[in-house]
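Report on the structure given below.
The values are calculated or read from the model by the stated rules, or taken from the named source; none is laboratory data. Just so it is clear, the structure is predicted and the values come from calculations on it, not from any experiment. Every residue, glycine as well, gets a Cβ built from its backbone with ideal geometry; the counts of neighbours run over all protein chains shown. In case anyone asks, the SASA skips ligands and DNA or RNA and just uses the protein heavy atoms, side chains included. Shrake-Rupley method; radii C 1.70, N 1.55, O 1.52, S 1.80 Å.
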Amino acid sequence: MATKGKQENVGSDEEEETVQTIPQRNISGIRNKILRNEAYKKLKKEKAKTKIEEKKKRKREEEASGEKEPKKVPKTIESMRVYDETMVNPDDEEVMLDEATDELASYFNRETLPKLLITTCDRPGARTNKFCKELKKMLPNAEIKYRRGLDLKKIIPQAMERDFTDILVVNEDRKEPNGLVITHLPEGPTAHFKLSNLRLSTELKRPGGMSAHRPEVILNNFNTRLGHSVGRLIASLFPHDPQFDGRRVVTFHNQRDFVFVRHHRYVFRNNKKVGLQQLGPKFTLKLRSLQKGTFDSKYGEYEWIHKRHEMDSSRRKFHL
């Protein structure tokens, strides 16, 4: 009899286990819309309730132990980034030697002052022309020259004769700016960016007026060897000594290989608070290629080219 009772108990335990492991009904399988919404609201309420209970439980445990739990780092694309071997330490001797002898060394040694030539593709649209005019206001010592059907290879020697240090070419597609080429003279490098999310100053909410003061430049997160080269190329577009009286600042913030460009004026409201006013334009850049020397699409030597399939295979591996 005892053995039978044991067997019955074992059988009941197995039944309880099977009852506990039965999965909940999938809400998406409920065909009635009203019942489905009610079930979803009920599930959401239960989840919120359990979350609050867990939070209270952790708080009680912290008070009992007297030690606070370390805050959990949220899992983001940026925090889960794969480590890149080409991360640059600014104090590295090898990096410092390369910087002292690269194509941009004359600018950083204060031997040359930036003088920029801004041009466009052939027959640019009205929006592209407006963007070039705002770029001219944002970048000190810049001039706009219309292309007039000339090949870029013919423009480069003419620009060198007139002591230009950089050429910026704004490309467009369907009357919308979609690309930016920056080539440093006389020896390069040349960077090709995809341009997106453009908003001119007239499209911003309560934009401020732009002054002629030389702006401050902020470069964020250009940490790899490639990012370091791109950051130095961008920095060479601006004069060395900013005029702090104008309170203008141009920010190039790199995040997940997208460079967010913002132009602000700041004002100190008190000792702790700072106010920002957008001046425009604001846009996003994504590097497509970095080429040694001046622009040469046929015989140029490329340091880096964006490979679409390689980027798709690893969303957490970034290059800048």
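List of remarks:
- Per-peptide average of other Cβ atoms within 10 Å, ordering 198-205, 251-258, 53-60 highest first: 251-258, 198-205, 53-60
- What the chain shows is 69 Å² of accessible area per residue, with the surface traced by a 1.4 Å probe over protein heavy atoms.
- Highest mean packing first, where packing is the average number of other Cβ atoms within 10 Å per residue, the peptides 233-240, 150-157, 38-45 line up as 233-240, 150-157, 38-45.
- Length gained on full extension, His253 to Lys194, computed as 0.36 nm times the residue gap minus the Cα-Cα distance: 19.7 nm.
- Other residues lying with their Cβ under 13 Å from the Cβ of Ala105 contribute a combined charge of -4, Lys and Arg counting +1, Asp and Glu -1.
- If R0 is taken as 41 Å, the Cβ-Cβ distance between Glu53 and Asn221 corresponds to a FRET efficiency of 0.55.
- In straight-distance terms, cross-link reach from Lys137 covers every one of the lysines whose alpha-carbon lies under 16 Å from its own, apart from those fewer than eight places away in the same chain; here that gives Lys115, Lys145, Lys282.
- Carbon/sulfur fraction of accessible area - the chain, other protein chains in place, 1.4 Å, %: 49 percent
- The chain - percent relative contact order, Cα under 8 Å, separation 6 or more: 17 percent
- Debye, to nearest 20: dipole size of the chain, +1 on Lys, Arg Cβ, -1 on Asp, Glu Cβ: 2560 debye
- Part-to-part distance (alpha-carbon centres) for segment 84-113 and segment 173-207, which is given in Å: 25 Å
- Heavy-atom accessible area ranking, 1.4 Å probe, most first, across Glu103, Glu216, Glu161: Glu161, Glu103, Glu216
- Stretched out straight at 0.36 nm per residue, the stretch from Lys115 to Lys154 would grow longer than its current Cα-Cα span by 12.2 nm.
- Segment 26-92 shape via C-alpha gyration tensor axes, a/c threshold 1.5: oblate
- Gyration tensor verdict on segment 229-280 (Cα atoms; rounded if a/c is under 1.5, prolate if a/b is larger than b/c, oblate otherwise): oblate
- Heavy atoms of Val73 accessible to a 1.4 Å probe, total area in Å² rounded to 10: 120 Å²
- Within the same chain, aspartates and glutamates fewer than 8 places from Lys175 are excluded, and of the rest, those with a Cα less than 13 Å from its Cα are Asp122.
- Estimated Rh, segment 144-206: Kirkwood, alpha-carbon pairs, angstrom: 13.4 Å
- A helix-only calculation puts the chain at -10500 deg cm²/dmol for mean residue ellipticity at 222 nm, using -39500 (n - 2.57) for each DSSP H run of at least four residues, averaged over all residues.
- Probe 1.4 Å - accessible area at Met160, Å² to nearest ten: 80 Å²
- Using 0.36 nm per residue and subtracting the Cα-Cα separation, the extra length available between Arg174 and Asp84 on full extension is 28.7 nm.
- Protein-only accessible surface order, largest first, of Val259, Val88 at 1.4 Å: Val88, Val259
- Dipole axis of the chain (+1 Lys, Arg; -1 Asp, Glu on Cβ), positive-most option in Ile34, Val95, Leu290: Ile34
- This structure gives Rg and Dmax of the Cα atoms in Å, computed directly, and of (i) 17.8, 57; (ii) 22.1, 66; (iii) 29.2, 109 that value is listed as (iii).
- Taking a ≥ b ≥ c as the square roots of the eigenvalues of the Cα gyration tensor, segment 24-170 is oblate, since a/c reaches 1.5 or more and a/b is not larger than b/c.
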